Structure formats: C-alpha cells, structure tokens
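Worksheet: one structure, shown below.
The values are calculated or read from the model by the stated rules, or taken from the named source; none is laboratory data. The shown structure was predicted, so the numbers you read here are calculated from the model rather than taken from an experiment. Note that we place each Cβ from the backbone using ideal geometry, even for glycine, and neighbour counts take in every protein chain shown. Accessible surface areas use protein heavy atoms only, side chains included; no ligands, DNA or RNA. Shrake-Rupley method; radii C 1.70, N 1.55, O 1.52, S 1.80 Å.
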Amino acid sequence: MERSAQKLTSNHWGIGIVHARNGRITHIDPHPLDPAPSDLDANLAASLTGRARVLRPAIRCGWLAGDGGAGRGRDAFVELSWEAALDLLARELTTLKERHGNESLFAGSYGWASAGRFHHAQSQLKRFLNCFGGFVSSHGNYSYQAALVAMPHIVGGAFRDHLVEATRWDNIAEHADLVVSFGGLAGRNMQICDGGNSRHLLSGALKRCRERGVRFINVSPLRRDMDAALGAAWMPVKPGTDTALMLALCQTLIEEERHDRAFLARYTSGFETVAAYLDGRADGLRKSAQWASAITGLAPDQIRDLARAMAKGRTFITCAASLQRADWGEQPLWACVTLASLLGQIGLPGGGYGIGYAVNGHVGAVERPFRWAALPQGTNPVKTSIPVAMLAEMLLSPGAPYRHDGAEHVLPHARMVWWAGGNPFHHHQDLKRLSRAFKEPDFITVNEINWTATARHADLVLPVAAAAEREDFGAGKSDNVLVPMQKSVAPPGQARTEYAILSALAGRLGLKQAFTEGLSEAGWLKRLWQETRDGAQKAGHALPPWEDFIAGGPLTLDEGRAGQVFLAGFRQDPEAHPRPTPSGKIALFSPVVAGFDLSDCAGHATWNAPRDPAPEGSLALLSGQPGTRLHSQFDNGALSLEAKIGGREPVLINPLDAAAHGIRDGDIVRLSNERGACLAGASVTDDIAPGALFLWTGAWYDPDDKGDCRHGNPNVLTHDERSSDWSQGPAAHSVRVMIARFDETPPEIAAHEPPRFVARDS
C-alpha cells in the first residue's frame, strides 16, 4: 500500500512543502507565504535520491595502503560499519593530539549546510572539537572578506552591522531619483540568505522603486546583473575597472565643482590627500574621465554625464560584493564611499551608499526582530585562525609568515582537516593547487550528503542526513520567519545526523556528557526553542510551545526598521553619534592603513591594474552565483542539470567574440590559461559585454588526468593570490583565459557518479 505525506522544510532559499511517497521525496512545492519563491527546491528530490548519495561510511584505499595522501581525489573506497569508522576516527584524533597538539587539527567547515538552528554542521563540529581541546579555525568569508577588514577602517564598526543597518528599499523608493549599481543587483543572489529566506521581498521592493519613478543604472559587464523589469540603463564597464570609473567620477565632480564641500569638511577626514591623488598632484596622473575611458572602455562623455546625473538629484549608490573578489578588492569599496561622500548625501533619505546589496535576499528589506537561539559551540582553547581564503596556503606552506590587517602572522601546521557542511572545491580558487594542498595532511575527514570532489579528497567519508530527513526549526540570520522543519523521510542507507555521529564519537573519547549535556536531539530542540521563546517574550512576541510549533506552520514576526537610513544618526549629529574611527568621521584617507606600509594601498582609494597578464586574444573571465542552485549544492538536481549545455556548465559569450573564435551557440568550448583548463557549453548572448565571459560557479569539479575540469568549474582557471595583504580576500574575478571550440569527442562526465568501491580484502 502506497502512503504519501506532506511536511515542511526550510533551506537557505526558502520554505518548501515536501511531498514524499514510500519513504522517498518526490517533489517540493513552494509555500504560499512566499510572494516570489525560488525554484531551487526543484533540485532536491533527484539529488537526495541520486547515484552520488553517500550511503555508508567509507575509507580511502590509498590510506589503508599507507600512501601518505597521494591518491586523494582519485582513489577507490572501502565501505565500513559505523563502529569501525568511529573507532578509526577516534584513534586518529587521539594520536594526532598526543603527537602534535590541538593546533594540528583544522576544521574548515566553511559552507552553507542546513538552515536549521540545531542541525547546523559547523556548529555541531565546532562544539565537538571545542570539547576535545580546540582546533585551528578560519575567519572571514569568501563573499565579502575585503569589506570585513576594510570597512571598519573606512567607516567604522563591523561590516556585518552595516548590512543590518542598510538603508531600506522602501525609503529609496520614496526619496531617491537615481540608483547607480556598480556590479548590478543580481536577482539570482536575492534568492538566498544564510539560515533562510522565507519571503522573497527584494524583487517586489525594486519593482516599487521603478513604479515610483526611480531610475536605475547597471554598471556591470553583465546585463543580467539587473532585472530587465527595472528598465535600467546598462553601462558595460570592463571587468575589474570599477575603481578607475569611481575615481574619475570623483574627479569630474571636483572639476565641475559639483562636490559637497560642507559635507566633506564636517563628516569626513583626509579629503585633501585624496584630492591631491585625484588631480595628479600626488603622482602626476590626473584621474580624469579621459584617463578612465582607456581603462574602463566607457566614453569620456559617458563618465562625465554619469557624474552630472548623480549630482543632479538624490542618488543612491550600491556596490556589489563581487567587486571585492578581485585583485585589490578593497579599493572599489573605498572608492564607493569616497564617491558617496563627494555627493554629500550619506545619511539622507534615498541617498548615500550601500555595499553588499543583493549579496543575499535580505539587505535593505528585512531583519530579525531578536536573536534566535543557536547550538552553543563553547570556547575554543586554540586561538590560531587563518583568513578563509588562505586554506591552500596553510596546507602547502606551514610556518610561512603572512600579513593581515596590518599584523604579522604565521601559518599553522594542520595535520588533520575535518570538513562538514561545505565544499572547498567549489569556493576556493586554483583547484589544481588546492588538490595538491589536500594531499599534505596526515588525515582528512569529510561529512557529506553527496560524493563531491571534497568527499573524494578525503580519507574517511561519513554519510549525513539532509535537512528534510531530520527534525529542526529554521530561522534565517536576517529573516523574520520561524519555520517548523518536520522530518519528511528517513535518511537513506546508513546516513546519520551530525549530532548522532558526534555523540557516538564523543562516547569513545570520554566526552559524551560534555558534548551532549545529557540531551537527545529532541531534548536539544526543545531547549533551543524555549530559549527562542524567552527571547521573543523579551522582544514583545508570544511563541507557542514546541509541540504546537513543530506540528504547525511558519510564524511571521514584525519586520521592523521600515524607512531605515544608513548613518542617519551620524548625519544628524556627528558629535553625538561619531563613527568608531580615529577621527570619529568617515576616513577618506586613513593614516592607520597608510601605516601598514602596503605597496598596493596608499591609505586611500587607489587604482591598481589587475595582476593577470592579458595575452593577445584572451578574454576576461567572470564567475558568479548561478540561478539554478546555491553555490554547488545539489548540482546533480533536476533544475541544475536542465540548464547545462551538453552536460556542462554554460559560459556566456558575446556574439562578436563568438564569431571571432568560430563558436556557435551550444558548442562545447575549452577555456584555458597557465593554471589549467575546463570544458563548458557556449551560450551566445549580447547580455555579456565584448571582451568578457561569464561562467557560473558550482559545477562539481570533475578532473581529468591532468586536473583539468571536464564539467565547467571556473576555479580551475582562477588564481589563488588574495585581493591584497590587507584583507587576504579571494580574487576570483581577476583572470584572463583563452577560448576555443572543442572539436574532439567530449569526454564523459563523472562528477555526479560515486567513486569506485572495493571489498576490504581485495
């Protein structure tokens, strides 16, 4: 007899109504609460029941043979019982700790795993390792590392607070005349938010701006970086040249005396130093519209006209997070603040700037009314931490010195890597180098749902349950909706929750009471929910008991902060509300940063040319969040697969470049540079500017014998140098490639297949 069920789950892209039959998810529908639901749930059913699912614990054959990691990424595996796998892991942890101390253990676990408050892979693993004596961690993120480091020096305060305090779109709709978006406002990014995006509000907010007469300008090589419904004017700037454009806009405002001297004097520091750089007194090079034209590809009159339009009325400037993921990625952030300061509209309704709009679906739209409860991680006794984008550097060069935010550091020697809830072979750059780096540690453990490239580079792989396969509650870090996540189906094979795995491991190491505090999963969920109820009560909200909540539907709380304007208090009274910078003002020039004595940063917004050489015939390669999945999650799902061309990730190419290279729409093409190569499917479109390509991120890395990707992962082409020694952020957008039609028979793609398994005694 067939039985069907419908329950709720939540992911980083929204609430889903899960349909299951005979213990398997068949499809997931959007929840009616969401006015503009994402399609990403269409990936889950096929991925969670696909061939790539990790079903049993597995150990790499080469590790059993003592190969020292040489076969990671290519080896066959042997499946184990949970008892054998956990015994083995307990022995490795104990041995490494006894021989090398807890600083030999690295838990990267950077990722976007479950949106649940309890079953959150990073929190679970970090809690366990803190009970075990600590671990080397990473700090920052791949999305906006440069802003996390730079913005406290420029504007003061934590950048994450800037995102929370961002000017609301309802205020922009009411008061702005013009929105100029450097890097656009990509709708595909607005699908997601860490922890959940229960109601997709941004597309509606932008539509209201348009309806009220706000004009939009999309400054980006990609027309699709702004929704066509906004009717935006497109300025296809050359990739990586936004800083030069912003500096020229600043110089134009000064030349034509359109800058706000009163604002600069009262609210900023260091303008005279910046002015000397802009007009060429500092280096002999005037940052004029003519100068910027040769760099950006925009006509001088276009640049001048844009400056005049911005000064004419109330203008809001947005700077996409993607601009900082490039060589010298701190500079467009500083240039954006400098440009907004010259206009003098910071802190006014509908004016000023925002960095990171559309980095997710919440900035400028909604914020949680109070802090939700989360699994306590405890305190990490190990204080060593690396910038997140220095993973390969750490593994390849232990003991090497590096600089970060003006301080000197030394890379630790990580002998074990434990990854849970993420995929570095998606996020990280120069995958051939990363693959070499992953051969260095003594032992690698990965908790995974599917056999991604990261799992294939592990020695021990532990199968974990997915969100719809366990009970939890969802609540986004910037959302105002609480979602009961009801277990829809049992995990397949021998997959377990992280909590079950770590509790059993803790028992082997004498840490069970410390890790579990005597609570089952159900006990923890009730405890966290009660803490959330207590927080709600203090904030003036009444929440039901756990049993009523988990059996019901989503709960929507007040949005709050309608009409919010970033830095309004500072604008109103800078003496009463000074910025937490040395001057108490916005630092257009920072003596502190200048004192870092960095060759690539003079202490103010500066133009530096990208590092990568530009061979004749090469094109600039951009890569970004796709519309068909979150990063690399569920790449083997139906929606993701449907968008591929010949089974490979699409690369956007302008018709002029396609014709010059003999490429037609739908052709398989080869992208290459000195670091590697990948195959992709050509999508010929005038949405990408001539001279540039756009390849979506997240195709599961599928290396051939040379390490080149058969599937279309752009990070086999990107360099692994950081944005600068200031922030050590990733710089994936500063890359040049050659492109050619691939006329050979395309190789088979193995990315979505499991590895080869062998019997233990073979």
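Applying the criterion of being within 31 Å of the chain's Cα centre (by Cα) and not in a loop (DSSP other than H, G, I, E, B) to the residues of region 58-76, the residue that is farthest from residue 439 (Cα to Cα) is 58. Considering 341, 288, 269, 293, the condition of being in contact with a strand residue (DSSP E or B) (Cβ under 7 Å, 6 or more places away or on another chain), at pLDDT 95 or above, among the polar types (S, T, N, Q) and open to solvent by 10 Å² or more (accessible area, probe 1.4 Å) is satisfied by 269 alone. Considering only residues that are part of a loop (DSSP other than H, G, I, E, B) and either open to solvent by less than 40 Å² (accessible area, probe 1.4 Å) or in contact with a strand residue (DSSP E or B) (Cβ under 6 Å, 6 or more places away or on another chain) (or both), which ones fall in region 200-212? Correct list: 200, 201. Does region 557-566 contain at least one residue that is in a loop (DSSP other than H, G, I, E, B), of a type in the set (S, T, N, Q), open to solvent by 20 Å² or more (accessible area, probe 1.4 Å) and in contact with a helix residue (DSSP H, G or I) (Cβ under 9 Å, 6 or more places away or on another chain)? For region 557-566, residues in a loop (DSSP other than H, G, I, E, B), of a type in the set (S, T, N, Q), open to solvent by 20 Å² or more (accessible area, probe 1.4 Å) and in contact with a helix residue (DSSP H, G or I) (Cβ under 9 Å, 6 or more places away or on another chain): present. Scanning region 383-405 for residues that are surrounded by 15 or more Cβ atoms within 10 Å (Cβ to Cβ), in contact with a helix residue (DSSP H, G or I) (Cβ under 8 Å, 6 or more places away or on another chain) and more than 16 Å from residue 416 (Cα to Cα) yields 387, 388, 389, 402, 404, 405. Within region 649-695, the set of residues being charged (D, E, K, R), within 19 Å of residue 716 (Cβ to Cβ) and without any contact (Cβ under 8 Å) to a residue 40 or more places away in the chain comprises 674 only. Step by step: first the residues of region 103-129, then only those that are open to solvent by 20 Å² or more (accessible area, probe 1.4 Å) and in a helix (DSSP H, G or I), then the one that is modelled with the lowest pLDDT. Which residue is that? Only one residue tops the list, namely 122. Within region 228-243, residues that are of a type in the set (D, E, K, R) have Cβ atoms under 9 Å from residues that are open to solvent by 40 Å² or more (accessible area, probe 1.4 Å) and assigned to a loop (DSSP other than H, G, I, E, B) in these pairs: 238/297, counting only partners at least 6 apart in sequence or on another chain. Beta carbons closer than 6 Å, at least 6 apart along the sequence or on distinct chains, pair a first residue in region 374-386 that is farther than 15 Å from residue 127 by Cα with a second that is open to solvent by less than 50 Å² (accessible area, probe 1.4 Å) and not hydroxyl-bearing (Ser, Thr, Tyr) for 384/136; 384/412; 386/394. Figure legend. Inter-residue proximity from region 394-418: first residues under 16 Å from residue 104 (Cβ atoms), second residues of a type in the set (Ser, Thr, Tyr) and open to solvent by less than 50 Å² (accessible area, probe 1.4 Å), beta-carbon distance below 7 Å, spacing 6+ or different chains. Indicated pairs: 411/397; 411/402; 412/384; 413/104; 414/104; 415/104; 416/104; 418/445.
Of all residues in region 216-230, those satisfying the criterion of being of a type in the set (Gly, Ala, Ser) and surrounded by fewer than 24 Cβ atoms within 10 Å (Cβ to Cβ) are 228, 229. Only residues that are open to solvent by less than 10 Å² (accessible area, probe 1.4 Å) and of a type in the set (Phe, Trp, Tyr) were counted in region 416-429, giving 2. In the condition set (1) open to solvent by less than 40 Å² (accessible area, probe 1.4 Å); (2) in a loop (DSSP other than H, G, I, E, B); (3) touching a His at 6+ places or on another chain (Cβ under 8 Å), residue 606 is compliant with all but (3). None of 670, 629, 675 is surrounded by fewer than 19 Cβ atoms within 10 Å (Cβ to Cβ), in contact with a Leu (Cβ under 7 Å, 6 or more places away or on another chain) and over 22 Å from residue 333 (Cβ atoms) except 670. Looking at region 696-731, which of the residues that are under 13 Å from residue 146 (Cα atoms) and in contact with a strand residue (DSSP E or B) (Cβ under 7 Å, 6 or more places away or on another chain) is surrounded by the fewest Cβ atoms within 10 Å (Cβ to Cβ)? My answer is 725. Taken over region 430-451, the criterion of being closer than 27 Å to residue 734 by Cα, open to solvent by less than 10 Å² (accessible area, probe 1.4 Å) and not aliphatic (A, V, I, L, M) is satisfied by 438 alone. Those strands (runs of 3 or more DSSP E) of region 647-686 in which at least 3 residues are more than 20 Å from residue 612 (Cβ to Cβ) and hydrophobic (A, V, I, L, M, F, W, C), considering only elements entirely within it, cover 676-684.
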